[in-house]
Amino acid sequence: MTATSVSRPGTPPADAVLPRLPGAWRTGLVRGRLEVRAFFRERQSVVFVFALPAILLVLLGSIFGHDAAVRGVTVGQIFTAGMIAGGIGATSFQNLGLTIAAERERGTLKRLRGTPLAPAAYFIGKIILVFACTIAEVVVLIAVGMAFYHLHLPTSAAKWWTLAWVFVLGTVACSLIGIGISSLPSSATNSFPVITLPFLVLQFISGVYVPFNNVPPWLQHIAAVFPLKWMSQGLRSVFLPAQAATLESGHAWQNGQTALVLAAWIVGGLVLCLTTFRWRPRGDG
Amino acid sequence: MSNETAIQVRGLCKSYGETLAVDGIDLDISQGEVFALLGPNGAGKTTTVEILEGYRHRDGGTVAVLGQDPANAGRNWRARIGIVLQLTAEPELTVAEMVTMYAGFYPKPRDPSEVIELVGLGGLTARRGNQLSGGQRRRLDVALGIVGRPELLFLDEPTTGFDPEARRQFWELIEQLASEGTTILLTTHYLPEAEALAGRVAVLASGKVVALGAPATLGGRVTQDAQVSWEAPDGRRTLQTATPTKVVAELAAQFAGEVPGLAVSRPSLEDVYLELIGAGR
């Protein structure tokens, strides 16, 4: 007692009794590092979440990629832009939905809740996981696009800015929906119909696996409700030349609308998370 | 120090729908005590413990754990308790990574490598969760529960699935923690465990405490009739008696020396327990 309570003038006496708890940032960073490590150790997540978009891009691009969509634009470039959106959805929405559902079922969340860990630290760890994986994912897909399909990095500051905000808003929106949907599966084995399947369908109708102008209009309307369609459209505005805008359903990039839809999903996703997040497995009190 | 109350419960009630799971429980557990909750499945043990841990909300009664109401106690309170949960380990993280990470949540944790050694996972620090056997996972659960140097440790059915040797080692660990002054509340189905570890036990049945006391005296164990049995010329004979010494002396005289197959027994904790939970139903 004497050794710790002397020499710190101005310290409230309560400090001598209650040692300071480790801060949320420090523990959050530790958790983030381990989350990333665990993600890349798990074969399932590396293959089906991280590598799948790149594999599909190479496959689909090799089959359809060199057809000219409009003058100066290849289908390969359109696929790359869409697949980057799909990749963001995979490493944010799908990744968080699956891992949090599994953590809840294993009781990891319950155990964490029984420790003095600040809840914020858990989410800081997840934010680090998502951004580390998603940035790596986007870099890999851009590299594949540049190597195989004449994709070019943005040349103007305005396009880099669009890339940055589509990336950030898209990642945050998909992450929040992923955290929210993780409460839905009654067990981790039910994750496929609840998380993987809808995401797969959405990728088909949102311009990820099939160019959006080939999707039937009624499916386009459904896709327009969800963020993925807007993310892939925003990314096409970054990576495709201006004349490709004529292929869009509105014959324009509609970046303002993209930002609005993504922002609305962030607000809705946050409300969903705050109202539905559970630390305990379903049926456990 | 040892007379201060670690856990005080008065009139605790909790129901799930129509079912009354906990029906007016009172408990006082002193600091430094090892206390066991016994009872069959559905007696309300886990519900009671989870209310004390802050995981569940109660419907009625008052609860103070380390001087605070678990229903609204904060992170500082959680830093003083340890909860051992039986869970599937994180598949991709190693024993050392898990224990070190959990140590980092607490203000004055134990040394992670000492804790790993203490629970008997010393040679397995680099083993990942999905490579651990069931018994090794239970040891990791214990390590994560004690690495924060808790004043009060909750153990819910801690040795389920342990082999006898692992159970002995675990008991030694609990005795060591208790000798360092840790208050321990454990629930168990396994009566020899309560007898070996706990200073006092409470028997729950249908959400009520039906008996409370030291394992040796529970349910009037020491004062109940003893059973004397022996091999009589016409077969084995058994006698219930309040005065076993007298009976044995008479038998000794009758047989003029060794009484064949002589056995004198008191009701075991299990006998008393079965009687109690039968009575409570």
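How big is the C-alpha Rg of segment A:150-191 next to the rule-of-thumb value 2.2 N^0.38 Å, as a ratio?
Working: Rg = 16.4 Å, N = 42, 2.2 N^0.38 = 9.1 Å.
Dividing the Cα Rg of segment A:150-191 by 2.2 N^0.38 Å gives 1.81.
Any chance you could get the radius of gyration and Dmax over the Cα atoms of segment A:128-235, in Å?
Every Cα atom of segment A:128-235 included, Rg and Dmax give 15.4, 47 Å.
Cross-link partners among lysines for B:LYS108, C-alpha distance below 28 Å, same-chain residues fewer than 8 apart left out?
Result set, ordered by chain and number: A:LYS110, A:LYS126.
Only loop residues by DSSP count here, and only those with at most 15 other Cβ atoms within 10 Å; note down the trypsin sites (Lys or Arg not before Pro) in segment A:201-285 that meet that.
Hits after loop and neighbour filter: A:ARG278, A:ARG282.
Would you kindly compute the Cα radius of gyration of segment A:172-247 and its largest Cα-Cα separation (Dmax), both in Å?
14.4, 47
Taking the Kirkwood radius as the inverse of the mean 1/r across Cα pairs, report the Rg/Rh of segment A:106-191. Please report the intermediate quantities before stating the final value.
On the way: Rg = 17.6 Å, Rh = 15.8 Å.
Radius of gyration relative to Kirkwood radius: 1.11.
If I take every Cα pair under 8 Å that is 6 or more residues apart in segment B:6-138, average their sequence separation and divide by the length, what percent do I get for the relative contact order?
21
So, counting K/R as plus one and D/E as minus one, what does the shell of residues with Cβ under 14 Å around B:ASP225 add up to?
+1
Calculate the length of the line joining the C-alpha centroid of segment A:195-229 to that of segment B:48-96, in whole Å.
44
Compute the relative contact order of segment B:1-67 as a whole-number percentage, counting only Cα pairs closer than 8 Å that sit 6 or more residues apart in sequence.
44
Using only DSSP helix segments of four residues or longer, with each worth -39500 (n - 2.57), what per-residue ellipticity at 222 nm results for the protein assembly as shown after dividing by its residue count and rounding to 500?
Mean residue ellipticity, 222 nm, calculated: -14500 deg cm²/dmol.
Take the Cα atoms of segment B:48-89, find their three principal axes, and give me the spread along each one in whole Å, biggest first.
Principal extents (Cα only, largest first): 35, 22, 12 Å.
Using only the alpha carbons of segment A:220-285, determine the length spanned along each of the three principal axes and report them from longest to shortest in whole angstroms.
On the principal axes, segment A:220-285 reaches 57, 20, 18 Å in Cα extent.
Give me B:TYR273, B:TYR16 ranked fewest to most by other Cβ atoms within 10 Å of their Cβ, as a rough exposure proxy.
If I rank by nearby Cβ atoms, fewest first, I get B:TYR16, B:TYR273.
Taking loop as defined by DSSP and a crowding limit of 12 other beta carbons within 10 Å, which trypsin sites (Lys or Arg not before Pro) in segment A:68-123 fit?
Loop-located and lightly packed - A:ARG71.
Using only the Cα atoms, work out Rg/Rh for chain A, with Rh taken as the Kirkwood radius, to two decimals.
Values: Rg = 21.8 Å, Rh = 20.3 Å.
Result for chain A is an Rg/Rh of 1.07.
Can you find, among A:ASN214, A:GLY114, A:SER187, the residue farthest towards the positive end of the dipole of segment A:109-266? Put +1 on the C-beta of Lys and Arg, -1 on that of Asp and Glu.
Ranked along the dipole, the leading option is A:GLY114.
For segment B:201-281, state which GluC sites (Glu not before Pro) are in a DSSP loop and have at most 12 other beta carbons lying within 10 Å of their beta carbon.
Counting only loop positions with at most 12 other Cβ atoms within 10 Å, the GluC sites (Glu not before Pro) in segment B:201-281 are B:GLU258.
Mind putting a number on the dipole of chain B about its Cα centre? Charges go on the C-beta only, +1 for Lys and Arg and -1 for Asp and Glu, and I need it in Debye to the nearest 20.
420
Given N residues in segment B:91-140, what is its alpha carbon radius of gyration divided by 2.2 N^0.38 Å?
Here the Cα radius of gyration is 1.06 times the empirical estimate.
Per 5 Å bin, what is the whole-percent P(r) computed from every C-alpha pair distance within segment B:80-120?
Spelled out per bin, shortest first, that is 5, 20, 28, 32, 13, 1.
Measure out, as a whole number of angstrom, how far apart the alpha-carbon centroids of segment A:133-181 and segment B:204-245 sit.
About 75 Å separates the Cα centre of segment A:133-181 from the one of segment B:204-245.
Which Cα, out of B:SER133, B:THR94, B:PHE162, lies furthest along the positive dipole direction of chain B (beta carbon charges, K/R +1, D/E -1)?
B:THR94
Report the percentage of all Cα-Cα pairs in segment B:207-255 whose separation exceeds 11 Å, rounded to a whole percent.
74
Of all alpha-carbon pairs in segment B:1-136, indicate the percentage at a distance above 18 angstrom.
Pairs farther apart than 18 Å: 64 percent.
Cα extents of chain B along the three principal axes, largest first, in whole Å?
Computed over chain B, the largest-to-smallest principal extents equal 71, 47, 38 Å.
Would you please give the FRET efficiency between A:ALA136 and A:ARG282, computed as 1/(1 + (r/R0)^6) with r the Cβ-Cβ distance and R0 = 25 Å, to the nearest 0.05?
So, using R0 = 25 Å, E works out to roughly 0.15.
Return the Rg/Rh value of the protein assembly as shown, two decimal places, where both radii are evaluated on C-alpha atoms and Rh is the Kirkwood radius.
Values: Rg = 31.6 Å, Rh = 27.8 Å.
The Rg/Rh ratio comes out at 1.14.
Please state the relative contact order of chain A as a whole percent: Cα pairs under 8 Å, 6+ residues apart?
26
Could you give the nm distance between label points at B:ASP111 and B:GLU231, where each point is 7 Å from its Cα heading toward the beta carbon?
The modelled label-to-label distance comes out at 5.9 nm.
Picking from B:GLY135, B:GLY74, B:GLY219, which is most flexible by a Gaussian network model of chain B using Cα springs under 10 Å?
B:GLY74
Please work out the Kirkwood hydrodynamic radius for segment A:51-183, using every pair of different C-alpha atoms, and report it in angstroms with one decimal place. Don't skip to the answer; put the middle values down first.
Values: mean 1/r = 0.0614 Å⁻¹.
Here the Kirkwood hydrodynamic radius works out to 16.3 Å.
What FRET efficiency do you get for B:ASP271 and A:ARG20 if R0 is 45 Å and r is their Cβ-Cβ distance, rounded to the nearest 0.05?
Step by step, r from the Cβ atoms, then E = 0.30.
Cα atoms only, segment B:117-189: Rg and Dmax in Å?
12.1, 34
In 10 Å bins starting at 0, how do the alpha-carbon pair distances of segment B:164-223 split up by percent?
20, 49, 27, 4
Mind pulling the angle between the C-alpha long axis of helix A:95-106 and the longest principal axis of chain A? Nearest 10 degrees, somewhere in 0 to 90.
Roughly 40 degrees, rounded to the nearest 10.
What is the distance in Å between the Cα centres of segment A:66-89 and segment B:9-47?
63
Rounded to the nearest angstrom and ordered from largest down, what semi-axes does the equivalent ellipsoid of segment B:141-281 get from its C-alpha gyration tensor (root of 5λ)?
39, 18, 13
Each reported figure results from applying straightforward, stated rules to the coordinates on display, with no laboratory input. On a predicted model such as this, the values are computed, not experimentally measured, just so you know. Here the Cβ is made from the backbone with ideal geometry for all residues, glycine too, and neighbour counts use every protein chain on show.
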